[in-house]
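Notes follow once the structure below has been shown.
The values are calculated or read from the model by the stated rules, or taken from the named source; none is laboratory data. The shown structure was predicted, so the numbers you read here are calculated from the model rather than taken from an experiment. Every residue, glycine as well, gets a Cβ built from its backbone with ideal geometry; the counts of neighbours run over all protein chains shown.
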Amino acid sequence: MKKVMVGNHAVSWGVKLARAEVIAAYPITPQTQIVEELAEMTADGRLAARFIKVESEHSAMAACIGAAATGVRAFTATSSQGLLLMHELLHWAGLGRLPIVMADINRAVAPGWSIWTDQNDTLAQRDTGWVQLYCETNQEVLDTTVQGFKLAETVDLPVMIVLDAFFLSHTSEPVDVPDQAEVDAFLPRREARLKLDVHDPHAFGALTTPAVYMELRLRQQEAFDRAREAFAAVDREWAERFGRGYGALESYRTEDAEIVLVTSGTITSTTRHVVNERRARGERIGLVKVKMFRPFPTGPLRDALSHVPAVAVLDRNISPGHGGIFAEEIRAALYDLPPGRRPRIDGYVVGLGGRDVTPAVIEDCLERTRRSQAEAAAAAANGGAEREIAREDIWVGVKP
Amino acid sequence: MREMRIHGRGGQGAVIASKLLASAFFLEGKDVQSFPAFGVERRGAPVTAFLRVSDGPILLRCEILAPDDLIVLDPTLVQAVDVTAGLKPRGSILLNSDQPPEHYARLVRRFRVATVDASAIAAAHGLGSKTQPIVNTAILGAFAAFSNLVSLESVCAAITEDVPTRAEENVAAAREAAGSVRICAAAELHA
Amino acid sequence: MPDDRGSPDLAHGVPPVAVSSTSTRVNLTGSWKYIRPVYQDKVAPCNQGCPVGIDIEGYMNLLREDRIEDAIGLLLRENALPAVTGRVCYHPCENACNRAWLDDAVSIHGVERMLGDLAIEQRILPEPETPRPETVGIVGSGPAGLSCAYHLARLGYTVTVYEAEAEPGGILRYGIPEYRLPKDVLAHEVNRIRALGVDFRCGVQVGRDLPLNVLESHDAVFVATGARRGRALGIEGEDLPGVRAGLDFLREVNRGGRPALGHRVVVVGGGNTAMDCARTALRLGAEVLVLYRRGREGMPAHDEEVEDALREGVRFEFLAAPVRVESTERVPDREPLEAIEATFDRFEGEPPAPHVAGLTCTRMRLEEPDRSGRPRPVPVEGSEFFVAADLVLTALGEDPDFDFLPEDVERASGVVRVNALNATGHGALFAGGDITDEPHTVAFALGSGKRAAVGIDRYLRFRAGEIGDGADLSELRQGPKGNISVTRWVGGDPVRRTDPVNRVVTFQETNPAHFAPVARAADRHLPPGERRLGFREANLGLEREQALAEARRCFNCGVCNECELCLVFCPDLAISRSAGGGYEIAYEYCKGCGVCATECPRGAITMTREGL
């Protein structure tokens, strides 16, 4: 059944199809529609869940942690400042290995007060032990939400579904809503083998001495390692059942590409448009979309980008004092490729605080990389020094 | 691909209009994308909503700066804001107004203009209040008749499906508006 | 795909999460405690505050469980006349209610009235105990006599009540006006007592119509002849025919008389009898002025009575006292009280030939408190003024009348001296109500009758109950200061209680955080305009649903009603439901943190010293 719906409701429908059992959330723009819809679904009986009203995002996550620890399927949604307020408890969920699914609407952080999109809220949670999956379309939002529960429960890790404020959250577009019975077959009821049980009480999260803490961290790291393959399997099964798959990474028209643009979130769609236009003119331009940020898809990135002469990474985020976060991580992932296979990587910081990323902005990035690549190639041809990777990311579409 | 912009005032239903129109196009097999102006809304303040329609997949996910078509839910907005900003040459403008399109001489010179008294029609069908009629469904009926981009039947089907209350009155208003839209003679010339 | 879920057994390496390798059951945290919680039911303050000694909290608890019949049963165990007290008692229970600290006291009288009316409607008759061979004579059928008769009959005795008036009820029948207590309500409740086998002999006054020694045919006697002697004004002109004792006036109206009053009635006094006189005179068509020597706040009448009188149009002149009744023969040459005269002028109609012209009064001022602790009113020199009146009703208080009793019955300060169970010490003679030393209210009278019934039962069974008897009655009381509970005397409490102690729960021991403020239901009333037209009941009480909602507002102070909060809040999961109802505490895990006792909304958990 196809329906025209906003991205927020695509999340709600995903949660409903996944039959979440506990939903605890606190409202915040631009997320509120998600839980409003879920509250209605819960109230009118379409979703057999317990909806817990809480007084803050911190409490929302605490409620989800408690619920997930008892073995039920728990969901919450938040954005920006709300996510930041949750930070401490994100670690509890992460190291507690609780398969909570949370939707975060990427919204810039204050001050100045902003309700518009960028990725700094979620990227600030990079090290909390959550899987992070970024979405490009409302369809992908719904699909990833359901997939997220299966992935989470397979590897016992919490999963964050990430979508751009307004460009997805408040934009209506057609979404194919899968049949409930088919989703049930894909995602059976959660079977938690390690959970709080009053009849067999164990202490969870109690004092952990130096003798074991490091091993716990290792177990978590191993789980993240397995999450890569687990997501591939979940995504494969989804594609078999529903005809749509996404992959941790997607290569779009990268065959024989001279320059590959790397994007995440909704910038990807507009970049596809630019790539199509360039390809129509015979230019060898491609695109790599990064969907999974944690665990970082190092292997697929190396496969996709080695042999590409130049890469332009568009970051809708900034690590102050360093640069675009995706660019930095991609450079690190590709650093030890042999020199001949290691691309030149330019980083561009765009679209912060909801600044529009138009085809013109993307083309600006593309042309800058084309020029720097040409200069580097000329230098190499003249027997110059080994080319250097750009040290500083360039801000594009910004007033000086 | 065609891009459209709807102007209204907070509370008039501009955002709903963009969603309904998206649904109507979707029913005809088009890919659609509709969104409000991203920001904070207040009752009475000027608001805009947007719509992209395409035969193939829509890839652009950025704002609409140069629309092909405009729908204006409140005639007073013509004085309040530059509704034609970025409108493509010979773009279309559908105004909710009790005046004939020729009344808007400056617009008629540059664009294809049509008017419909959606306020009176909505009020007659009991939509909203006499002083604040909800005009969005009526004007969509007029848009179907004026633009020839989407059928009146699809607009009515979208209303029936998506409007939670008083769907019948809304459909009736859309049909009446479709029959009473006034298109500037020059507009037909341009077309 | 490998899976790292599963057993937390360390033998298989470090588990995926920080989870204890063994069950935490081995950790007997109970060894850490030095105080322990125990479930210990207590007494609600309303119970102790009730002069009748009703288990209010108990019937509220039963209502909460929708056990309406059991609630009526429990009420009838302690109170002979719930439909009466639900109407006329000034509900000291509500003054004691802990809920008042949160929002407003529970409308206990409203609930009681609803239950009392239901008991009448459903003709509920309490089961008497095994019959006893002894007979008891009761002199006076006011609230004390009726109460004593009812409880003795329930305890199995053969009871005869001697009543001077034509019908039983005493003050309830001949004092309290119809609009406060409809006669049929009283009749129904008296009939319930009759149905228990009590023999009423009306129209006979012991000592006048019947020799005192008729009482010797009984194994025990209870005397409760009440306070019927109105106090005199003690001023000139008091003997004029236009001056009447208020009680006498009320008695006439309650017998069905409709005395001609003239237009202007002045009531002297500020007690409940004064209010009854004023509101009755109003209903008979008079304009009424109450003269009271102290201020509004000094009035002994119950607030609700004063409010109702004001609403119905009774006028008050405070800090004023009569100094002389003026006859029509001698109208004083003095400026009349302007405001009042103006009102009376508007009244059209023909008065009967009056004998009094009015009262010459003096202004009063308040000085240092007297022995009763209230400010002492003293006349203001030269402040005399005149109040016109066709009839003066005096309501200055009443004195008991027990001259017929044997002289060796011990008296003190004008009342019969009795012990804690109302024995006079004169053989099997017991006394109660207004002839003993206690407040002149229906509730106290009912309480004394009940106490005497228990005293007589104990006397007849064990020959106990001499004056000064030191028998420890504390276990029979509703709280250390409360009245005797029949249920505690005979047993068979329908409310499940865990290790009850006779201590009253304070508001500090409750946990108001668990109660949302809910507005108290107000009694419904006839509009004041309609009230003046006749003697229809003015206060219509609560709707049944309102009364049941009031029962849900009850904190159930001191009695565990299995609300589950202790179980929910126990951080050690040491509390579990007990098979026989209630809860049990696994003391080997209870750390004695006290969270359960703190959270308990009603103070039913006590922390006690460990090992003591």
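Numerical summary
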{"quantity": "Members of the range A:161-178 that are surrounded by fewer than 24 Cβ atoms within 10 Å (Cβ to Cβ), more than 14 Å from chain B (Cβ to nearest Cβ) and either of a type in the set (A, V, I, L, M) or without any contact (Cβ under 8 Å) to a residue 24 or more places away in the chain (or both)", "calculated": "none"}
{"quantity": "Some residue of the range A:316-327 being touching a Lys or Arg at 6+ places or on another chain (Cβ under 8 Å) and at pLDDT below 95", "calculated": "no"}
{"quantity": "Qualifying residue in the range B:82-101 (condition: of a type in the set (Val, Ile, Thr), assigned to a loop (DSSP other than H, G, I, E, B), modelled with pLDDT under 90 and under 14 Å from B:Gly8 (Cβ atoms))", "calculated": "no"}
{"quantity": "Cβ pairs under 6 Å, 6+ apart, first in the range A:46-67 and in the same structural domain as A:Glu21 (by TED's automatic domain parsing), second among the β-branched types (Val, Ile, Thr) and assigned to a strand (DSSP E or B)", "calculated": "A:Ala49/A:Ile23; A:Arg50/A:Val22; A:Phe51/A:Ile23; A:Glu57/A:Thr78; A:Ala60/A:Thr76; A:Ala63/A:Ile52; A:Cys64/A:Thr76; A:Ala67/A:Val22"}
{"quantity": "Condition check for C:Asp499: in a loop (DSSP other than H, G, I, E, B), more than 26 Å from C:Arg154 (Cβ to Cβ) and among the acidic types (Asp, Glu)", "calculated": "yes"}
{"quantity": "Qualifying residues in the range B:10-30 (those that are farther than 24 Å from B:Thr76 by Cβ and more than 7 Å from chain A (Cβ to nearest Cβ)) - the one surrounded by the fewest Cβ atoms within 10 Å (Cβ to Cβ)", "calculated": "B:Gly29"}
{"quantity": "Residue identified as in a loop (DSSP other than H, G, I, E, B) and among the hydroxyl-bearing types (Ser, Thr, Tyr) among C:Ser141, C:Ser147", "calculated": "C:Ser141"}
{"quantity": "Qualifying residues in the range C:295-326 (those that are in a strand (DSSP E or B) and of a type in the set (Asp, Glu)) - the one nearest to C:Gly529 (Cα to Cα)", "calculated": "C:Glu317"}
{"quantity": "Subset of the range C:19-41 that is within 14 Å of another protein chain (Cβ to nearest Cβ) and among the β-branched types (Val, Ile, Thr) - its residue that is surrounded by the fewest Cβ atoms within 10 Å (Cβ to Cβ)", "calculated": "C:Val26"}
{"quantity": "Selection within the range C:180-206 - closer than 17 Å to C:Phe402 by Cα and either outside the structural domain of C:Val454 (by TED's automatic domain parsing) or crowded, with 16+ Cβ neighbours inside 10 Å (or both)", "calculated": "C:Val206"}
{"quantity": "Within the range A:182-195, considering residues that are surrounded by fewer than 16 Cβ atoms within 10 Å (Cβ to Cβ) and within 10 Å of another protein chain (Cβ to nearest Cβ), the one modelled with the lowest pLDDT", "calculated": "A:Arg193"}
{"quantity": "So C:Ala232, is it crowded, with 20+ Cβ neighbours inside 10 Å, more than 16 Å from C:Leu310 (Cβ to Cβ) and among the aliphatic types (A, V, I, L, M)", "calculated": "no"}
{"quantity": "Residue within the range A:222-231 that is more than 8 Å from chain C (Cβ to nearest Cβ), without any contact (Cβ under 8 Å) to a residue 12 or more places away in the chain and not polar (S, T, N, Q) present", "calculated": "no"}
{"quantity": "Count of the range C:124-136 residues which are over 24 Å from C:Met114 (Cα atoms) and surrounded by fewer than 24 Cβ atoms within 10 Å (Cβ to Cβ)", "calculated": "7"}
{"quantity": "Wholly enclosed strands (runs of 3 or more DSSP E) of the range C:225-269 bearing at least 1 residues farther than 23 Å from C:Ala321 by Cβ and touching a residue at least 12 places away in the same chain (Cβ under 8 Å)", "calculated": "C:227-230"}
{"quantity": "Verdict on B:Ser34 being over 20 Å from A:Glu136 (Cα atoms), within 9 Å of another protein chain (Cβ to nearest Cβ) and touching a helix residue (DSSP H, G or I) at 6+ places or on another chain (Cβ under 7 Å)", "calculated": "no"}
{"quantity": "Test for B:Glu63: is it at pLDDT below 95, surrounded by fewer than 23 Cβ atoms within 10 Å (Cβ to Cβ), within 9 Å of chain A (Cβ to nearest Cβ) and outside any strand (DSSP E or B)", "calculated": "yes"}
{"quantity": "Residue, farthest from the chain's Cα centre (by Cα), within the range B:66-75, restricted to residues that are within 19 Å of B:Val15 (Cβ to Cβ) and of a type outside the set (D, E, K, R)", "calculated": "B:Pro67"}
{"quantity": "Output for the range C:408-442, where each listed residue is in contact with a Ser or Thr (Cβ under 8 Å, 6 or more places away or on another chain), surrounded by fewer than 24 Cβ atoms within 10 Å (Cβ to Cβ) and either of a type in the set (Asp, Glu) or in a helix (DSSP H, G or I) (or both)", "calculated": "C:Glu410, C:Asp437, C:Glu438"}
{"quantity": "Residue match in the range C:282-294 (condition: assigned to a helix (DSSP H, G or I) and either among the acidic types (Asp, Glu) or within 16 Å of C:Ala388 (Cα to Cα) (or both))", "calculated": "no"}
{"quantity": "Some residue of the range A:197-213 being away from chain C (no Cβ under 11 Å) and surrounded by 14 or more Cβ atoms within 10 Å (Cβ to Cβ)", "calculated": "no"}
{"quantity": "All positions within the range B:1-49 that are without any contact (Cβ under 8 Å) to a residue 60 or more places away in the chain, in a strand (DSSP E or B) and of a type outside the set (A, V, I, L, M)", "calculated": "B:Asp31, B:Gln33, B:Ser34, B:Phe35, B:Pro36, B:Pro46, B:Thr48"}
{"quantity": "Search result, residues across the range B:100-141 that are within 30 Å of B:Thr165 (Cα to Cα) and surrounded by fewer than 21 Cβ atoms within 10 Å (Cβ to Cβ)", "calculated": "B:Ala120, B:Ala123, B:Ala124, B:Gly126, B:Gly128, B:Ser129, B:Lys130, B:Thr131, B:Gln132"}
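For every residue, the table says whether it meets (1) more than 19 Å from the chain's Cα centre (by Cα); (2) free of Cβ contacts under 8 Å to residues at least 24 places away in the same chain; (3) assigned by TED's automatic domain parsing to the domain that holds C:Leu421.
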site	(1), (2), (3)
C:Val442	no, no, yes
C:Ala445	no, no, yes
C:Ser448	no, no, yes
C:Ala453	no, no, yes
C:Arg461	yes, yes, yes
C:Gly491	yes, yes, no
C:Arg503	yes, no, no
C:Leu526	yes, yes, no
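Every residue, every condition in (1) touching a residue at least 40 places away in the same chain (Cβ under 8 Å); (2) crowded, with 24+ Cβ neighbours inside 10 Å; (3) closer than 21 Å to C:Arg154 by Cα, yes or no:
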position	(1), (2), (3)
C:Pro45	yes, yes, no
C:Val52	yes, yes, yes
C:Asp66	no, no, no
C:Val111	yes, yes, no
C:Leu115	yes, yes, yes
